[in-house]
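Here's the structure, in structure tokens; my notes come after.
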Amino acid sequence: MTQRRQIIKLASAGAASLALPQMVYAQAYPARTIRYICPWPAGGSTDVVLRVIAESAGKALGATVIVDNKPGAGGMLGANELVNAKPDGYTLSQLPQGVFRIPHMQKTQFDTLKDFTWIACLTGYTFGLVVPANSPFKTLKEYVDFAKANPEKITYGHTGIGTSPHLAMEEFAMKAGIKLTNVPFKGNADNMQAVLGGHVMSASDATGWGVHVDAGKLRLLATYGSKRTKRWPNVQTLDELGYRTVSDSPFGVCGPKGMDAALVKTIHDAFKKTLDDPAVQAVFEKYDQSVIYLNTEAYTKFARDSFASEKLLIEKLGLAGKG
């Protein structure tokens, strides 16, 4: 009997020692620097927004959150990194709307619905179509009229095949009955350099163009939201102009699959707190971005719903299976 009690005692001690590292680990987070992947180039609008969010979240967590730029592949390199990352909370990423679309267009390294933890949605973009200030196109009607008379002659830059700036323009072009030539770039910074330098005739992008519009270097022909922006209230939306195209691409913070629920809550709460930070609010205002908050459960549902709806859009545009 004594031997049996000794065995039980040793077994209990062994179980406790196995559980202890997990308990200590959970209590210690974060114990080192957290990497927040920005799948776009440094200097672009998303990079600027993510950096201020990262700084604010780091203060809430009591740790350093660094932004790691991984541009290219239409914003999919962050998703690729999460597939191979440990679910320990030290590798996070922005996942753009392309993760719901590109798998319907080509083979990817990830499964959108199985490989990620959708921690919190925070904001979304304002997209628009801009041309150089010296462009002959003063209005969207002039742009469309020229495109109808000269199929594929108008070039437009965007942030990658399958991204929102690309697909919103393709949907608009389909509804306008025009054919344009798209030119992909790694991100907003490259796209803006191209349109400012006259290498493309127009650009479809998030509000990294805002400072150039305000400076008189670019002309804003239309925005893609469901309503006009506060910053450019005189500029009509594509929807308002009769093209029934709306895009805002909500995004936030995501992690690898298999993350512990308590860890997810810790990260969620810290990033949600950033929405009350005046510094974060100021950069949202700068890029005309609104707060689009979804908790973990709602963001996960949004991901499922978006994956299904984007499949229908890809098929409608005739892009399914293309790469």
*asked:* Of the residues F172, F146, only one is farther than 22 Å from G74 by Cβ and assigned to a helix (DSSP H, G or I); which?
replied: F146
*Condition test on T266, is it outside any strand (DSSP E or B) and either of a type in the set (G, A, S) or within 23 Å of L50 (Cα to Cα) (or both)?*
yes
*Residues (farther than 14 Å from K141 by Cβ, part of a strand (DSSP E or B) and in contact with a strand residue (DSSP E or B) (Cβ under 6 Å, 6 or more places away or on another chain)) located in the range 214-256*: L218, L220, T223, T237, G252, V253, C254, G255
_Pairs needed: first member in the range 302-323, within 22 Å of G252 (Cα to Cα); second member anywhere, in a helix (DSSP H, G or I) and at pLDDT 90 or above; C-beta distance under 6 Å; at least 6 residues apart or different chains._
S306/F100; F307/F100; E310/F100; E310/R101; K311/H104
*Just to be sure, is P71 out of contact with any strand residue (DSSP E or B) (no Cβ under 7 Å at 6 or more places or on another chain) and part of a loop (DSSP other than H, G, I, E, B)?*
yes
*Go through the range 78-96 and give me each residue that's part of a helix (DSSP H, G or I) and buried (at least 19 other Cβ atoms within 10 Å of the Cβ).*
G78, A79, E81, L82
*State all residues of the range 140-157 that are more than 30 Å from the chain's Cα centre (by Cα), among the acidic types (D, E) and over 19 Å from T223 (Cβ atoms); if no residue qualifies, say none.*
D145
*Of everything in the range 251-260 that's closer than 13 Å to Y29 by Cβ and either of a type in the set (G, A, S) or surrounded by fewer than 19 Cβ atoms within 10 Å (Cβ to Cβ) (or both), which residue is nearest to the chain's Cα centre (by Cα)?*
G255
*Which one of D111, D115 is in contact with a helix residue (DSSP H, G or I) (Cβ under 7 Å, 6 or more places away or on another chain) and assigned by TED's automatic domain parsing to the domain that holds I292?*
D115
*Please find, among V67, V83, V99, V131, the residue that is modelled with pLDDT of 95 or more and not assigned by TED's automatic domain parsing to the domain that holds L294.*
V131
*Can you confirm whether the range 25-32 contains a residue that is surrounded by fewer than 17 Cβ atoms within 10 Å (Cβ to Cβ) and modelled with pLDDT of 95 or more?*
yes
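Quick grid of which residues meet (1) of a type outside the set (A, V, I, L, M); (2) surrounded by 24 or more Cβ atoms within 10 Å (Cβ to Cβ); (3) in contact (Cβ under 8 Å) with a residue 40 or more places away in the chain; (4) under 27 Å from G210 (Cα atoms):
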| residue | (1), (2), (3), (4) |
| --- | --- |
| G98 | yes, yes, yes, yes |
| G124 | yes, no, yes, yes |
| A133 | no, no, yes, yes |
| A147 | no, no, no, yes |
| I154 | no, no, yes, yes |
| G157 | yes, yes, yes, yes |
| P165 | yes, yes, yes, yes |
| E171 | yes, no, yes, yes |
| T181 | yes, no, no, yes |
*asked:* Given the options L221, L294, L263, L275, name the one that is more than 30 Å from T91 (Cα to Cα) and either at pLDDT below 95 or surrounded by 13 or more Cβ atoms within 10 Å (Cβ to Cβ) (or both).
replied: L221
*Scan the range 252-260 and give yes if some residue there is within 24 Å of G162 (Cβ to Cβ), of a type in the set (D, E, K, R) and touching a Pro at 6+ places or on another chain (Cβ under 7 Å), otherwise no.*
yes
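The values are calculated or read from the model by the stated rules, or taken from the named source; none is laboratory data. All figures in this text were calculated on a predicted structure; none of them were measured in a lab. Note: ideal-geometry Cβ built from the backbone for every residue, glycine included; neighbour counts use all protein chains shown.
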